[in-house]
Amino acid sequence: MVDCGFTLKETLKRLERLEVAPNELDALLVTHEHQDHISGIGPLSRKFDIPVWSTRGSLLSGKCGKLERFSIIEGFREFQIADLKVVPISVPHDAREPCQYMFEVAGKRLAILTDLGSYTPEIIATLSTCDGLLLECNHDEEMLWQGPYPRSLKQRVGGPLGHMSNRQAIELLKSVMSDRLKLLIASHISEQNNCPDLVQTSVAESIGWSKEEVIIAQQNEGFGWFTLD
Ligand SMILES: [Zn+2]
Ligand SMILES: [Zn+2]
């Protein structure tokens with residue numbers, strides 16, 4: 001499981017919906033120490049004795065509390081969890097040593113990038129080889145700047161260490177598109193500064209997919225299982 005920003009109760013409810021028992025989880029991987037990603041990691045790890053993987057920066061934030069079982073991701077070097085190869089990806093985001101992930105199993109690759117204010121040549125190179133992608137489409141720039149957030153927060157969200165706008169996500173997608181990419185999930189969508197329909201329409205149009213092919217990760221419902229084959 002990558003990140004957990006929910007209470008234990010809510011996490012168990014969501015796992016049940018996916019028909020996963022918590023003791024089936026092999027590991028918890030942390031992307032960074034912002035509350036919406038980390039607040040449930042400690043309780044879930046302690047309750048079910050699940051090992052946590054995190055960068056030193058995320059761990060030093062202290063937001064996981066005391067952990068019995070954890071491993072440090074050193075220097076963004078890849079590692080293995082059961083049959084899954086995990087490739088850490090360094091991202092520009094205003095946290096301590098934030099880390100997103102690419103996973104590979106049986107030759108299929110899935111990358112997850114939930115929080116990044118901009119993208120780097122390394123990110124483009126990694127994403128170009130993926131069969132599936134979960135990508136942040138946080139805000140529409142117009143809606144953010146016209147919206148109710150205080151000015152300082154607008155600058156943070158819209159800055160190079162904040163969050164990806166729809167425009168940035170589309171630019172990134174255009175530079176990583178390949179025949180290999182079969183699954184695209186738009187995620188970390190702001191309820192205040194974006195609209196799922198706008199994300200689906202603009203992303204699909206820019207990469208020549210149908211609107212329905214662009215999956216939306218809803219904050220409340222999430223999404224079900226997908227298979228890469
Ligand atoms: Zn964040
Ligand atoms: Zn976040």
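The values are calculated or read from the model by the stated rules, or taken from the named source; none is laboratory data. The structure displayed is predicted, hence computed values, not measured ones. Cβ: placed from backbone, ideal geometry, glycine included. Neighbour counts: every protein chain shown. Accessible surface areas use protein heavy atoms only, side chains included; no ligands, DNA or RNA. Shrake-Rupley method; radii C 1.70, N 1.55, O 1.52, S 1.80 Å.
Observations on the model:
- For the chain: relative contact order, % (alpha-carbon pairs under 8 angstrom, 6 or more apart): 14 percent
- Under the Karplus curve 6.51 cos²θ - 1.76 cosθ + 1.60, θ = phi - 60°, whole-Hz ³J(HN,Hα) for the stretch 93-102, x wherever Gly or Pro sits: 7, 7, 9, 7, 6, x, 8, 10, 9, 10
- Each Cα pair under 8 Å and six or more residues apart adds its separation to the average, and for the stretch 1-126 the resulting relative contact order is 19 percent.
- Estimated from helical segments only, the mean residue ellipticity of the chain at 222 nm is -8500 deg cm²/dmol, where each DSSP H run of four or more residues counts as -39500 (n - 2.57).
- Loop-resident trypsin sites (Lys or Arg not before Pro) (DSSP state other than H, G, I, E or B) in the stretch 1-92 with no more than 11 further Cβ atoms inside 10 Å of their Cβ: K66, R77.
- Within the chain, DSSP assigns beta bridges of which about 45% are antiparallel (rounded to the nearest 5).
- Eigen-decomposition of the gyration tensor built on the alpha-carbon atoms of the stretch 1-127 gives equivalent ellipsoid semi-axes of 23, 17, 14 angstrom, largest listed first.
- Relative contact order (%) - the stretch 21-94, alpha-carbon pairs under 8 angstrom, separation at least six: 27 percent
- ³J(HN,Hα) computed for each position of the stretch 78-87 - Karplus, 6.51 cos²θ - 1.76 cosθ + 1.60, integer Hz, glycine/proline x: 5, 8, 10, 10, 6, 8, 9, 8, 10, 10
- Surface/4 of the Cα convex hull for the chain, nm²: 12.1 nm²
- The Cα center of the stretch 74-104 and the Cα center of the stretch 145-179 differ in position by 22 Å.
- Calculated FRET efficiency for the pair S118/E191, C-beta based, R₀ 30 Å, to 0.05: 0.85
- Shape analysis of the stretch 1-75 based on the Cα gyration tensor places the equivalent ellipsoid semi-axes at 20, 12, 10 Å, largest first.
- Note on R167/N23: beta-carbon distance plugged into 1/(1 + (r/R0)^6) with R0 of 35 Å gives a FRET efficiency of 0.25.
- Extending 7 Å from the Cα toward the beta-carbon at both E74 and F226 defines two label points whose distance is 3.5 nm.
- Fraction in percent of alpha-carbon pairs per bin - 5 Å, the stretch 107-218: 2, 13, 24, 25, 19, 10, 5, 2, 0, 0
- Each residue was assigned an accessible area with a 1.4 Å probe, and for D131 the value is about 10 Å².
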